[in-house]
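Undergrad: Before I ask anything, here is the structure I am working with.
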Amino acid sequence: MSREKKPKVAADRQQLPYRPCAGQMVINRAGLVWVGCRVDGTSVSKGLAPAWQMPQGGIDKDEDPRDAAVRELFEETGMRSLTFLAEHPQWITYDLPPALIGTVWGGKYRGQRQRWFAFRFDGDDSEITIEPHAGHDAEFSAWRWVEAQQLIDLVVPFKRDLYRAVLAEFEPLARPLAA
């Protein structure tokens, strides 16, 4: 009797690389942080809370991480009126939960290795649109501005440690501008 081989996804997890990615904490003049509700999240259909997150996206081969952050922000939100505030001094990683290994990013990555950047949004909210830009699919179905401390409760559990590291560096920047 022959045995079917089970996929070695779990065993191969440690051998998979991290996907290079740029994350963006965008802060408005009121000191609030931009978050979007992921289009591809299945949490709502399973009766769970929506999956909210700050913008993030892949870094192309030979692309500068900060350039990738600006490009991804435009592709995902339409934002162009930005002032660079800071760069996180370290790359931060997170691992996907076992159920997502092998399904996300074509099964090529175990999670992401992210470089985070903080930007001030200097435009009017009417500039923000989550419709697809530059030939890319929409990432978000909704968006809103939130207090920085709300981020931990809004993000999926497997990204919470990453968000804590981002907040440790950037939360002091999330303050209203003086009038």
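Undergrad: Any chance segment 152-159 includes a residue that's assigned to a loop (DSSP other than H, G, I, E, B) and within 13 Å of the chain's Cα centre (by Cα)?
TA: Yes.
Undergrad: Being of a type in the set (Ser, Thr, Tyr) and buried (at least 20 other Cβ atoms within 10 Å of the Cβ) is the requirement here; does residue 77 meet it?
TA: Yes.
Undergrad: A further question on this structure: Please indicate, with yes or no, whether at least one residue in segment 26-45 is under 22 Å from residue 164 (Cα atoms), of a type outside the set (A, V, I, L, M), modelled with pLDDT under 95 and touching a Gly at 6+ places or on another chain (Cβ under 6 Å).
TA: no
Undergrad: Would you be able to tell me the number of residues in segment 127-154 that are hydrophobic (A, V, I, L, M, F, W, C), buried (at least 18 other Cβ atoms within 10 Å of the Cβ) and within 24 Å of residue 99 (Cα to Cα)?
TA: 3
Undergrad: Output the residues belonging to segment 108-126 that are open to solvent by less than 20 Å² (accessible area, probe 1.4 Å) and over 16 Å from the mean Cα position of the chain (by Cα).
TA: As a first pass, look at segment 108-126 and keep what is open to solvent by less than 20 Å² (accessible area, probe 1.4 Å): 111-112, 114, 116-119, 121, 123.
121, 123 - these are the residues of segment 108-126 that are open to solvent by less than 20 Å² (accessible area, probe 1.4 Å) and over 16 Å from the mean Cα position of the chain (by Cα).
Undergrad: Restricting to segment 87-107, name every residue that is over 21 Å from residue 36 (Cβ atoms), surrounded by 14 or more Cβ atoms within 10 Å (Cβ to Cβ) and in contact (Cβ under 8 Å) with a residue 60 or more places away in the chain.
TA: 93, 95, 101, 102, 107
Undergrad: I'm trying to understand the selection: among the residues of segment 82-102, which are touching a strand residue (DSSP E or B) at 6+ places or on another chain (Cβ under 8 Å) and among the β-branched types (Val, Ile, Thr)? Spell out the reasoning first.
TA: As a first pass, look at segment 82-102 and keep what is touching a strand residue (DSSP E or B) at 6+ places or on another chain (Cβ under 8 Å): 82-88, 91-96.
Listed by number, the residues that qualify are 83, 92, 93.
Undergrad: Quick one: residue 135 ticks every box in (1) without any contact (Cβ under 8 Å) to a residue 60 or more places away in the chain; (2) over 15 Å from residue 78 (Cβ atoms) bar one, so which box is it?
TA: Of (1) without any contact (Cβ under 8 Å) to a residue 60 or more places away in the chain; (2) over 15 Å from residue 78 (Cβ atoms), only one is false for residue 135: (2).
Undergrad: Might you let me know whether segment 143-156 holds any residue that is at pLDDT 90 or above, more than 19 Å from residue 27 (Cβ to Cβ) and not aliphatic (A, V, I, L, M)?
TA: Within segment 143-156, none of the residues are at pLDDT 90 or above, more than 19 Å from residue 27 (Cβ to Cβ) and not aliphatic (A, V, I, L, M).
Undergrad: So, one more: What number of residues within segment 68-89 are modelled with pLDDT of 95 or more and touching a helix residue (DSSP H, G or I) at 6+ places or on another chain (Cβ under 8 Å)?
TA: Final tally of qualifying residues: 10.
Undergrad: Return yes when residue 135 is assigned to a loop (DSSP other than H, G, I, E, B), among the small types (Gly, Ala, Ser) and over 16 Å from the mean Cα position of the chain (by Cα) and no when it is not.
TA: Details: assigned to a loop (DSSP other than H, G, I, E, B): yes; among the small types (Gly, Ala, Ser): yes; over 16 Å from the mean Cα position of the chain (by Cα): yes.
In short, yes.
The values are calculated or read from the model by the stated rules, or taken from the named source; none is laboratory data. On a predicted model such as this, the values are computed, not experimentally measured, just so you know. Positions of Cβ are generated from backbone atoms using ideal geometry, with glycine treated the same way; all protein chains shown enter the neighbour counts. Quick note on the areas: whole protein, heavy atoms, side chains included, nothing else; ligands and nucleic acids left out. Shrake-Rupley method; radii C 1.70, N 1.55, O 1.52, S 1.80 Å.
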